[in-house]
Each structure stands twice: as structure tokens, then as C-alpha cells.
1. Would you mind getting me the FRET efficiency between Ala49 and Thr20? Use the beta-carbon distance for r and R0 = 22 Å, nearest 0.05.
2. When the Kirkwood radius is taken over all Cα pairs of the range 27-81, what Stokes-Einstein diffusion coefficient follows at 25 °C and 0.890 mPa s, in µm²/s?
3. Counting Lys +1, Arg +1, Asp -1, Glu -1, what net charge surrounds Asn62 among other residues with beta carbon under 15 Å of its beta carbon?
4. With contacts defined as alpha carbon pairs under 8 Å and 6 or more residues apart, what's the relative contact order of the range 1-61 in percent?
5. Given a Förster distance of 30 Å, report the FRET efficiency between Ala37 and Ser4 from their Cβ-Cβ distance, rounded to the nearest 0.05.
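Every number in this text was worked out from the coordinates using simple rules, so none of it is lab data. Everything quoted here is computed from the prediction, not taken from an experiment. In this analysis, Cβ positions are derived from the backbone assuming ideal geometry, glycine residues included, and neighbour counts consider all displayed protein chains.
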Amino acid sequence: MIKSFKFNNFRSYAKEAELTFEAQPTDVESGAVKTVALNGDSELSLLTAVAIFGANAAGKSNVIHALAALVQMVANSLSYKSSDGLPGWIPFFSIEKRREPME
């Protein structure tokens, strides 16, 4: 289960961006929410679907690419070495930011 996903210095995102699956109180009434019981008596309300929208070239695909990088890292986590980097994934396009790590 993913509650939220944050990434930084990835492709067209120089600063931190977040995709959250947490439902707001007004969303709970819409029926597009799943309530998950946590340890103790607390609950977490998560959206069952999330839409990414925006203008052309706004970075929508790069959010999906960042999620794909996460999937790749998890799938290969047993053989992953931090010195290998992330093949196929590039940091923000400016020269200064290319020297900084992707997060």
C-alpha cells in the first residue's frame, strides 16, 4: 500500500513533488475511498484512484516514470547496489542539478 510518494530532482522535477493517496474528509463521502484499519483503533482513508492532469509538457509522464523507478528499485532490491545508480533514469535537466542525487 502506498500512502504517498515523494520524489526530488527527477527528470523535469527540480524540487520535491508529492503524489498522495490520502483522502480528504470531503472525499470520504464520494464513495471512491477505502478505509484501512491500522494498529490500534486508528484508520486511514485512501483514494481508490488518483488522476494526474495538467497542461502539455507539465511533467505528468515524469510522475509515472518516477513511480516506475520505484517499482524497478523494489523489484531489484536484493541485487541493488547504490553505486550502480538508476539505469535509464536521469536527474533534472540542468547541469547543476545533474550533480545532485535523485531522491
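1. Between Ala49 and Thr20 the formula returns 0.95.
2. Values: Rh = 14.4 Å.
For the chosen part, D equals 170 µm²/s.
3. Working: positive: Lys6, Arg11, Lys15, Lys60, Lys97; negative: Glu16, Glu18, Glu103.
Summing Lys and Arg as +1 and Asp and Glu as -1 gives +2.
4. Computed over the range 1-61, the figure is 25 percent.
5. Numbers: r = 19 Å, r/R0 = 0.62.
Step by step, r from the Cβ atoms, then E = 0.95.
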